[in-house]
Each structure stands twice: as structure tokens, then as C-alpha cells.
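Bear in mind that the values in this text are calculations on the coordinates, not laboratory data. No experiment lies behind these values; they were computed from the predicted model shown. Cβ placement follows ideal geometry from the backbone for every residue including glycine, while neighbour counts extend to all protein chains displayed.
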Ligand code: H79
């Protein structure tokens, strides 16, 4: 991946200005329109368009692009040629009822369909532009109309994706400088064109002629829409962002708008980056979107399928942090879900059928992340998602100060009570005795019913029986000027730009039972950083370590730093500070691990 792409590979607007809410004062309306979404928790994204037919292959060659839906741009296909896909596009196997049935059986409560992607082709019958599936293809049917009916029948909320910022077909939009050399380029920043009279006036014309009227169509032709899902909002101005929000809410006050309409704080809820695995304290409702392989649109050569376990753990992790989880499928140009996607969605459904109560309508964990798994909360129940089975089935649950009614295995129809032993009644630390073996190879759920409002201690606990306590950087607090989080995507779950000697990272935790721990640091470092050093402190202990060459800034390796002892129960802070910085940065730290030595 080139440096340029590395920096641009994010459909999210970075927050350059402080967080703000546009709809302040209209909170009541937002509360109303978001209620169904908070209950739903999980959804299905469907990326389907002209690009689904070539599926990442153009003129017999595999196009060098992860995302098959970016074919036109990445293969540098002129409009006149790309339009010819439409002549071939005849997905006779498309069956809206079948698609929604698969979504339903997968346990997914809303469906987001690509009404128009960056290529500008409308996957519905549009009067605004003849470049649409009904008028430009032999298929001549309107998938949005058919999906609207099928979704209503199945009780699934239909939502629509509309790429508002870019349009590689319209002569005045942005992203296509192959056909329109004077247009705003795919990699151009907002600042580079916003004061350019020709570019900005023509771009406004695109918005007036195509984007706004098509959104009006989508919100008037197909009944109630759950979300108008926008993308790449970093390419529009604040004013244009507000205009899109107002347009949607003006036509359907119950329709949600995601933040990607512009940037953080806009719309009704936050998004994370595409396939972002690690995030920091979201400040309001948020949603994570993920793919089953790498591409969103159908890609014939993308065989990098994730495992059901990986997908479900990702989903549980997101829900335990209070987020919604949307999984994507890219149907083929024939109109079908490929067999692998069907199989993976089926696996999700199998787990959700048995354990859905621990997901739908729940809130995030009141006790953070646990070394054995995750946790969600609904009214007077805590759902413990156990994916690392504890030794002898002894599950430590820390910080629940309520009185406990019962603990049962969620799938146990007999509701046999599991025995609970208090480690410390006043701080709410208990051991629940589980069976010796997990019931579910993906994740076994325990429902813990308590009395009254939840009274939990959110401070993480250092586990001390032969457990690895992983302190990931995304769970730590950063202090200083340059040190910041990387993207949080696969292989980027580290901190970067550790240039200032005064910048440091810190974690808080609570020790229940004193013990001795072996300490490791996992980081990436290039040759220039070698010879630097850092200091790790906690309680009375202090460890100094040298930075080693790991093969590169993103080649992570773990090194043993020494031992630390926590002799007394209580609250502690763990700090990592630079001692000497060599080269540009200290290192790209990923995590500190404290392994209990018993
Ligand atoms: O629809 C999926 C992706 O196609 C879309 N977001 C998800 C939901 C997405 N659009 N852009 N990106 C993700 C980030 C990639 C940006 C770049 Fe580009 C690829 C920069 C240059 C090539 C986007 C496409 C901006 C210009 C062309």
C-alpha cells in the first residue's frame, strides 16, 4: 500500500475540531428516532451494484484494489466503458424475499442496501438520472422497491446507503478526473478545492442536480427508511453536511443519519472506521461495520474469509462496548449471496438464536473487558460472555456490588443455579462455579440476575491465577503532545508518533489478590529506534527496557521486561514513559502483558 493510500484509506472524517452536536435542542426527536436502533443492535450491510458483475476482475485481470466496488477508479475505466457493464447486468436470481430471509435467520434486525455507491449508478428507479438499474439494464427491476416489501414482511428495518460526497459519473462531482480532468480528484482534500470557484460551484451543481433530489426520491418512494447511511463525509463542507441532515429529517423525521454525512458529532450516531477493531470511549450511540472477507462488493478473488468465531467475538466485543454491529455481504452480479457468506451468516444466526437475549436491547459492560471474555447489561441482568474458559470452571466476576438473585447458563432451560462464592462482598468480587467445559465452542453465556439498579466498579481488575492480563494501548490513557492512537484496524492496534520525551501512556487497575507477575511489552520498532529506552512503573516497581529492532514499525514482537509484585490489594496505575528516544519515535507500542506467576 502506498503512503498516500495509507493516509487516505479511511472513509471517516478525522475530527479536527472539537466534538459538537448539530441537533442540540432536538434531543427528544433523536431519542425517538433512535429507539428501534438501540434495540436492534445488529444489522446486515449489502453492497450491490454494477461492480458486482466484474467482481474485481477487469479485462481478464485482477484489479489491484481490496475493495471491488472501487473498480472504476482503481482500474481507471472511462465512463463509456464502465457504463457497458449495465448492458450485461441482468441478475435474474435476485430474490428480495430470499435476501431478507437470510438476514432474518442470521438474527440481523436491519438491512442497509447500497442505493448508490461512488460509481454513481442508482440501484433503484430514479427520475433524476437515467443511469439507474431500471432504465439502463436489461434487468429493469427495482431492487429497493422489492426489498422494501420483503423487509416489511419479515419485520426487518430497511436502511439505504447513499454515497453523497462522490459520484464518478456526474460531470461536476468529485473523484473522477479520468473523464473530467478539471474535477476534484479522488485524493484531494476539502481545503484544496473549497476556495476554488469553478470546482466548488460545479460541485454544488452536482449536489443540487443529483445528490439532494435522489435522496428526496429515496425518502418518498419506498415508505419509512430506518437510516440514510452516508459515506466519506470528509469530502463535503460543514454547511453541506447540515443540508443533508436537514433534508433527511425534513422528509422523514424518524430516519436516522449516520455521522459520515460529514464528521464526528454530525447526524444521529457515530461510526467507527471500516473494519476498525479497536476504538476509544465513544461519546454517544455508535456503530461498527465489518466485512466477512476484505471487500464490501463481491470480489471473485478475495478468499480471505474470517472465521465464525472471529466475527462473533468481534460482534460481542462491539456490543459489550455499547455499539451496534453491522456485518456486510456482497452479492454476485447474478443476484445471489455466495455460499461462503451464506454459511458465515448462518453460523451467526445459530449463535444468536440461542444467545440473542444477551445482545438485543443490551447496553455496554459496566465492568469493562474481562480476560475471560466480555459482558453486556440489560435491566437487572448481566450477560457474561465467556470465551476463555477459566481453570476448573472458576469464573471471577469483579465489581458487582448488588445483591445477586441467580446465575444460570443462558441456554439452560432448567435454569439450574450456578453456585457463587464471594471473594469480597463489599467490593462485589465473586467466583461463579461453571461446568468444567464450555457449552459453546464460540462463546458460552451466563445470565447473572441482580437486585436494584446496577452498582458496579468499572475499574479493571488484575487477575492473578495463571492468567495473562493484557493492557492494550486502546484501553490506556494517552498524555502529551504527539503520542496518538493508530487507526485501530487489523495490524494497526498500536500507538504512534511517540516523539516527545514527556508523552506517556497509563492504565488504572485494581488488585484483589496480591501476587507476582512477569511483564512483557509488545511493540514495533525500526532500526532508527534501536537504542532508545523506556520506563515502566507501577506501585513500588520500576522496570527499564531497551528498544529492540522488530523488523519494522508495524512488525510487532513481544519482549520480557522483568517481574513486578503487587503485595497489597488496592488501586494501582501502570505507566510507560520514554527514557531515551532514538530516531523519530520511541516505538509503536501495542500492549503490555502482566502474566500471573501465581
Ligand atoms: O462502501 C464501503 C467502501 O467502499 C467505502 N466505505 C465502505 C462502507 C469507502 N469509501 N472509501 N473508503 C471506504 C476509503 C478508501 C478511500 C480511498 Fe478512494 C480509496 C482513497 C482513494 C482510493 C475513495 C475511493 C476515495 C477515493 C476513491
Residues residue 595 and residue 357, FRET efficiency given R0 of 41 Å [Cβ-Cβ distance, rounded to 0.05] | 0.75
Mean shadow area of the range 373-458 over all directions, Cα convex hull, nm² | 5.3 nm²
Taking the Cβ-Cβ separation of residue 394 and residue 508 as r and a Förster radius of 22 Å, what is the calculated FRET efficiency to the nearest 0.05?
-> 0.30
Once both axes come from the Cα atoms, what is the angle between helix 339-355 and the longest principal axis of the chain, in degrees from 0 to 90, rounded to 10?
-> 50 degrees
From Cα coordinates alone, what are the radius of gyration and Dmax values for the range 468-596 in angstrom?
-> 13.9, 41
In what sequence, highest mean first, do 42-52, 584-594, 407-417 appear when ranked by Cβ atoms within 10 angstrom?
-> 42-52, 584-594, 407-417
In deg cm²/dmol and to the nearest 500, what is the mean residue ellipticity at 222 nm of the chain if only DSSP H runs of at least 4 residues count, each as -39500 (n - 2.57), divided by the residue total?
-> -6000 deg cm²/dmol
Between residue 579 and residue 128, what length in nm is gained on full extension when 0.36 nm per residue of separation is reduced by their alpha carbon distance?
-> 156.1 nm
Taking a crude spin-label model, label points 7 Å out from Cα along the C-beta direction, the residue 152 to residue 413 distance in nm is 3.7 nm
Cα long-axis angle, helix 212-221 against the chain (0 to 90 degrees, to the nearest 10) = 80 degrees
Measuring from the longest principal axis of the C-alpha atoms of the chain, the long axis of helix 27-40 (C-alpha) lies at a number of degrees, nearest 10, equal to 80 degrees
Cα principal axis extents for the range 84-129, largest first, Å = 36, 21, 18
So how much slack lies between residue 401 and residue 29, counting 0.36 nm per residue of separation and subtracting their Cα-Cα distance, in nm?
-> 130.4 nm
Order of 163-176, 63-76, 137-150 by packing, highest average Cβ count within 10 Å first?
-> 163-176, 63-76, 137-150
May I ask you to compute the full-extension gain from residue 88 to residue 557, defined as 0.36 nm times their residue separation minus their alpha-carbon distance, rounded to one decimal in nm?
-> 163.9 nm
Along its principal axes, what span do the Cα atoms of the chain show, with the longest given first and each in whole Å?
-> 73, 62, 51
